[in-house]
Amino acid sequence: MRFRTFQIARLFGIPIIVDLTWLPVVALHVWLASSVYLPRQTGYTFTTLEYYVFGVIMSALLFASIVAHELAHALAARLERVQIIDIQLHVFGGWTRLAGEPSTPLGEFRIAVAGPSGSFVVGLGFFICLALIEWLPYFEFKPMIERIFVYLFIGNLVLAMFNLLPGLPLDGGRALRAWLWHRSGDIGQATKTSKRMGIAIAYMLSSFGLFSAAWWGDYLSGAWLVVVGFFLYNVARANERQQVARVASLRVPGTIGELMSAPAVGVPPDVTIDDFIERVLSSHRHTTFPVMRDGRLHGIVSLGRLREVPKEAWSRTLIREVMEPVNDTLFISSRASVPNAVHKLSKSAIGHLAVVDNEGLVVGYVSQADLH
Ligand SMILES: [Zn+2]
């Protein structure tokens, strides 16, 4: 389901977007904090207004913690030279949307663990605040502020640990996928395994939620776990179905979609030759690569052309400066017939074609060798 979204801030040039489903969650959190958690923890000694003022502050700090978690992902992605679209806050927390993916397992791993690491650091910060306030002499709001720091300390630890569960779409699942990808070199298989783990974790969370409701009568957190498990299950399954179905639907017999290699191993246009060699070429021994961003073809780069660049210039020459810029001899529709593709390849100087779907997004890559 998609609801209306709007931008609430811009940090480090990254838009922070809010989904409408997020607003009831904020309201619920303010209410639970102000009329349940804080009064119970402090013995009902303050006025309702005071509880609401501190409840709002506590909620704001919790949601700032979620933004900090996402921001850690986004800044790590920026270091890996992956473009960031925005950070979205919704009913289940946050989501950093990246345009494209890092080209190496290490890059993927760094982006995945940056979020939980950020949450650990923020949690530690609240722990230090707690220690400082404990150390101060008594003042009127001291018990209230203490409880808020305890809550934020634990909240950030839970945020970090929950996200480290090793199944997609969680951060731990992305780290697991990076590790499997690094070990086997096969990103497709790594993704499949991590998604299966995600589905297993979804089942475990939901069963544990049901168990805790039935056994301990803990209906609220039980129901929450069931809902979270259901959400994770849906995301893990939907992605799997979509991707398999998408490529499968393009594999029509007699068309180039049937014979193409998918997914295509691409290079972003703005990386240097040095980075390309270290991050892409080291794990993919092809002779040419499609240059793409957001699934859009920018050109094709060939090793033959790279060799003409003097070695001392590799650290400052960008791929887009040496690629063959996109033109209609470089790509073909996945629905084109095989003879058609053979004909087009025979006239191509590069000997490879990017295969695009009907939205113009790169879905595969094809060489003369694939057609024999
Ligand atoms: Zn995360």
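At-a-glance table
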{"quantity": "Qualifying residue in the range 19-39 (condition: surrounded by fewer than 15 Cβ atoms within 10 Å (Cβ to Cβ) and within 16 Å of the ligand (Cβ to nearest atom))", "calculated": "no"}
{"quantity": "In the range 72-89, residue nearest to I148 (Cα to Cα) [restricted to those that are within 12 Å of the ligand (Cβ to nearest atom) and in contact with a helix residue (DSSP H, G or I) (Cβ under 7 Å, 6 or more places away or on another chain)]", "calculated": "A72"}
{"quantity": "Selection from the range 90-117 of residues that are within 12 Å of the ligand (Cβ to nearest atom), farther than 24 Å from T21 by Cβ and either modelled with pLDDT under 75 or among the β-branched types (V, I, T) (or both)", "calculated": "I111, V113"}
{"quantity": "In the range 173-189, residue nearest to L205 (Cα to Cα) [restricted to those that are among the aliphatic types (A, V, I, L, M) and either without any contact (Cβ under 8 Å) to a residue 24 or more places away in the chain or more than 16 Å from the ligand (Cβ to nearest atom) (or both)]", "calculated": "L176"}
{"quantity": "Number of positions in the range 75-84 that are touching an Asp or Glu at 6+ places or on another chain (Cβ under 9 Å) and at negative phi", "calculated": "3"}
{"quantity": "Number of positions in the range 11-30 that are in contact with a helix residue (DSSP H, G or I) (Cβ under 8 Å, 6 or more places away or on another chain) and under 30 Å from P143 (Cα atoms)", "calculated": "3"}
{"quantity": "Residue count, the range 46-62 (criterion: surrounded by fewer than 18 Cβ atoms within 10 Å (Cβ to Cβ) and without any contact (Cβ under 8 Å) to a residue 40 or more places away in the chain)", "calculated": "7"}
{"quantity": "Test: residue in the range 308-321 that is part of a helix (DSSP H, G or I), modelled with pLDDT of 85 or more and crowded, with 16+ Cβ neighbours inside 10 Å", "calculated": "yes"}
{"quantity": "Subset tally (residues that are in contact with a Gly (Cβ under 8 Å, 6 or more places away or on another chain) and not charged (D, E, K, R)) for the range 334-353", "calculated": "4"}
{"quantity": "In the range 159-172, the residues that are modelled with pLDDT of 90 or more, near the ligand (Cβ under 10 Å from one of its atoms) and within 20 Å of G188 (Cα to Cα)", "calculated": "D171, G172"}
{"quantity": "Condition met for H69 (within 16 Å of the ligand (Cβ to nearest atom) and under 23 Å from A160 (Cα atoms))", "calculated": "yes"}
{"quantity": "Residue among S65, S119, S103 that alone is under 30 Å from L318 (Cβ atoms), crowded, with 16+ Cβ neighbours inside 10 Å and of a type in the set (S, T, N, Q)", "calculated": "S103"}
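The values are calculated or read from the model by the stated rules, or taken from the named source; none is laboratory data. Small disclaimer: the values here were computed from a predicted structure and weren't measured. Positions of Cβ are backbone-derived with ideal geometry, glycine not excepted, and every protein chain shown enters the neighbour counts.
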